[in-house]
Structure formats: structure tokens, C-alpha cells
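Data first, discussion second: the structure below is written as C-alpha cells.
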Amino acid sequence: GLYFEVPKSRTLNRAIVDCRHLNEVCSKPDAFTLMSIPDILRALTNFGPRAAYGTADLRHWFYQLTLPSTARAFFTLSCANELFEMKVLPMGFSWSPLVAQSVVMMMALASIRTLRLSTTVAEGATAPPPYWPIFSGSNRETPVAFAIVCYDNLLIIAANVTLRQQLTKAIRKT
């Protein structure tokens, strides 16, 4: 495979592996929707002036997700007549965004459960939802928070600062 970099910011580049040949022979991942900016802004105003929000950017997230040893041969790079296998999830593979989004979602769901909160994320869904409401106890009518995942970014919008701090702390532990 071919390795190249694209600018991520003024000081950083993003490493990309050209996986076009592999993407052509693999099944296509299920499409999933990211929450739109207008919907995020509406969610931010859902709890009124007492709303609290926090974000987490999981830096270099794809490269924190280890590939199983059986998959590494599919992501082989050649450099100076030597072969190197990727050990982490490469950007450039069509399944990488869905994998990254799903792992962040599962981390957030695990954190929600440790606080004895609940959500209505459908089990068995083939794609992660763009957001999900978080409920306290058995009350499934009025959410106390929302979780929004965008690849390697997580936005928590809560009814108050204390709940947002609890959710953020639980997610960091996960």
C-alpha cells in the first residue's frame, strides 16, 4: 500500500494509507449519519440556561485502535524495499470511520451504565445513531442528557454541571 500525509492543521499532518484496492474487494460498511450542526445547536438549548456541555477529542483515535494480528497483512506498506504491517486501524480503509465511531459509542454507553443511567439505543442496530438521549432511572420521557459522537469526538450535553461532570469523569475512566 501507499502511505501519504495530508495537512490536519498548521503544525500536524494526518497519516493516510491508500486502501483503494482493499476497499474495492471488501463489502461496503453500513452508512451512518452524523448529527448536523443545527441539530447540535438545538440539543444545546434543550435544557435551557442551566445546560452544561463537555467535549472529548480522542486524539489520534484511529491509531489507538489495535488491529488483530490476522488483519495486519491486509495493511502492508512498502518502504525502501522493506515491508511493514500496520498494527493500528488505518485512515484510508472504508471501515475505519464506522469502527472508530462504534468504539467511542460503546465506551460512552458503558460509562452511562456505570452511573445507573439508561438510554434508548437500539440493540442490534447495524449503524451507530448520530446521538442518543440519556435518562435517569425508569423515566424514559424526559432526557437528563444527550451524547453525540462524531468519529473520535464526543459531546455530552447535560441538564446541569454536576451530571455533565459525572458523565465526563465516567467516560475518561473507560
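In the elastic network of the chain, a GNM with C-alpha springs shorter than 10 Å, the most mobile of 118, 78, 94 is 78. Using only Cα atoms, find the angle between the long axis of helix 161-173 and the longest principal axis of the chain, and express it within 0 to 90 degrees, rounded to the nearest 10. With both axes taken from Cα atoms, the answer is about 30 degrees. For mean projected area of the Cα convex hull in nm², the candidate list reads (i) 10.7; (ii) 12.4; (iii) 9.6; the entry that matches the value derived from this model is (ii).
3J(HN,Hα) couplings calculated from phi for the range 48-63 with the Karplus curve 6.51 cos²θ - 1.76 cosθ + 1.60 (θ = phi - 60°) are, in sequence order, x, x, 8, 4, 10, 9, x, 10, 9, 10, 7, 3, 6, 4, 4, 7 Hz; Gly and Pro show x.
Residue 27 sits with roughly 80 Å² accessible to a 1.4 Å probe, with DNA, RNA and ligands left out of the calculation.
Counting only DSSP H runs of at least 4 residues, each contributing -39500 (n - 2.57), and dividing by the residue count of the chain, the helix-based mean residue ellipticity at 222 nm comes to -8500 deg cm²/dmol. Residue-wise HN-Hα couplings along the range 86-102, as the Karplus relation 6.51 cos²θ - 1.76 cosθ + 1.60 with θ = phi - 60° gives them from phi, are 5, 9, 10, 5, x, 6, x, 7, 4, 7, 4, x, 5, 4, 4, 4, 5 Hz; Gly and Pro carry x. The accessible area of residue 131, taken with all protein chains in place and a 1.4 Å probe, comes to roughly 100 Å².
The values are calculated or read from the model by the stated rules, or taken from the named source; none is laboratory data. Just so it is clear, the model here is predicted, and its values are computed rather than measured. Only protein heavy atoms, including side chains, enter the accessible area calculation; ligands, DNA and RNA are left aside. Shrake-Rupley method; radii C 1.70, N 1.55, O 1.52, S 1.80 Å.
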